[in-house]
Amino acid sequence: MSALNKIAQTLVSDKRGILAADESIGTMSARLEGVGVEPTAENRRVYRELIVTTPRLSESISGVILADETIHQKLNNGRTFPEYLEDIGILAGIKVDTGAKPLAGAPDEKITEGLDGLRERVEEYVRLGATFAKWRAVITIGDDAPSDRAVHSNVHALARYAGLCQEGGLVPIVEPEVLMDGTHTLARCQQVTTAVLKSVFEELDLLGVQLDGIVLKPNMVVAGAGSAQQPTVEDVARATVEALRETVPASVPGIAFLSGGQRPEVATQHLGAMQKLDPLPWELTYSFGRALVGPALEAWRGDETNWVAGQEALSGRAVANAAAR
């Protein structure tokens, strides 16, 4: 077993999942303001400390994805976030993309940026204690979308990112997210998701990425949020697994689903329903952000007296998702 494969296996095994606490400064600040908390660097740090110090977190969480700001910060006890996570048996990860920007020549579609200087940043993050990384590509479904230009541009960037991470010693989480925004049907989402995943693995193969040293982080196959035809939990599970069976090689250790804006309890139900289908060659787990930490933020609201309530809200969601596996 290679070092990369060992890390990837650790991230998806033992019925644990990955917690995404990697919101950008702008996104995290907006969420703090939404609950009446001043969006300062210190308050962002305190909120992330509430998350990682949640009691018994390592029983349901295998890794935490950090933002660049957070990986350079310290907890009140003087330990860096990666050092503390290692102390409690959780792997530290890092978001390395710099966000999705408008794609030239493709109106209303985006390309994720961040390849410039990535080799050097990977070296720095490894020194700081990271063992895995994340890069998110976003694909929009619309009347004329996604375009071939948008799909090709994004999967090529994902593959280049994955290769640079593996070269530097980080396990890449490969995240091609087909957005649930829109009025599209479940069948349309399945069609697009299948096509995108097929392109992803063609590009990973072309660039020589070690497939047993990655974790795939796709969307679940769902109808658009504005669709009048909303599928059952079982329909979502079946459509998602069909897309995966058609595209994902068995050498990939595991698939960690993103929640994609689904309500926390619904995302958990979908994950649980997939576990009941015929045996699959990969581990199926979760890599949730809002679906895990959203309830904690709502309970905490910057009030020190709500610290325990915030941690209990996070623990409840994490335990529920681990149970769904």
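Count of the stretch 119-161 residues, restricted to those that are over 19 Å from residue 68 (Cβ atoms) and of a type in the set (Gly, Ala, Ser), is 6.
If we scan the stretch 90-113, do we find a residue that is of a type in the set (Val, Ile, Thr), at pLDDT 95 or above and more than 17 Å from residue 177 (Cβ to Cβ)? Give the steps one after another, and end with the answer.
Taking the stretch 90-113 and keeping what is of a type in the set (Val, Ile, Thr), we get 90, 94, 96, 98, 111-112.
Among the residues that remain, those that are also at pLDDT 95 or above are: 90, 94, 96, 98, 111-112.
Applying the additional criterion that residues be more than 17 Å from residue 177 (Cβ to Cβ) yields 90, 94.
Yes: one or more hits.
Only one of the listed residues (284, 204, 280) is within 21 Å of residue 5 (Cα to Cα) and in a helix (DSSP H, G or I). That residue is 204. Checking each residue of the stretch 293-315 against the condition of being polar (S, T, N, Q), surrounded by 15 or more Cβ atoms within 10 Å (Cβ to Cβ) and within 26 Å of residue 247 (Cβ to Cβ) gives no match. Just one of the numbered conditions (1) aliphatic (A, V, I, L, M); (2) in a helix (DSSP H, G or I); (3) modelled with pLDDT of 95 or more is not true of residue 250; which one? Condition (2) is where residue 250 drops out.
For the stretch 76-94, how many residues meet the condition of being in contact with a Ser or Thr (Cβ under 8 Å, 6 or more places away or on another chain) and surrounded by 17 or more Cβ atoms within 10 Å (Cβ to Cβ)? Walk me through it before giving the result.
Residues of the stretch 76-94 in contact with a Ser or Thr (Cβ under 8 Å, 6 or more places away or on another chain): 81, 84, 88-93.
Retained after the next criterion (residues that are surrounded by 17 or more Cβ atoms within 10 Å (Cβ to Cβ)): 81, 84, 90-93.
Within the stretch 76-94, residues that are in contact with a Ser or Thr (Cβ under 8 Å, 6 or more places away or on another chain) and surrounded by 17 or more Cβ atoms within 10 Å (Cβ to Cβ) number 6.
Quick one: how many residues across the stretch 95-127 are touching a Ser or Thr at 6+ places or on another chain (Cβ under 7 Å) and surrounded by 14 or more Cβ atoms within 10 Å (Cβ to Cβ)? Selection size over the stretch 95-127: 8. Selection over the stretch 172-228 of residues that are among the small types (Gly, Ala, Ser) and in contact with a Pro (Cβ under 7 Å, 6 or more places away or on another chain) gives a count of 1. Listed by position, the strands (runs of 3 or more DSSP E) contained in the stretch 19-118 that have at least 2 residues being in contact with a Gly (Cβ under 7 Å, 6 or more places away or on another chain) and either farther than 21 Å from residue 310 by Cα or among the acidic types (Asp, Glu) (or both) are 91-95.
Scanning the stretch 267-311 for residues that are of a type in the set (Val, Ile, Thr) and without any contact (Cβ under 8 Å) to a residue 12 or more places away in the chain yields 305, 308.
The values are calculated or read from the model by the stated rules, or taken from the named source; none is laboratory data. Source: prediction; values computed, not measured. As a convention, Cβ positions derive from the backbone with ideal geometry for all residues, glycine included, and neighbour counts pool all protein chains shown.
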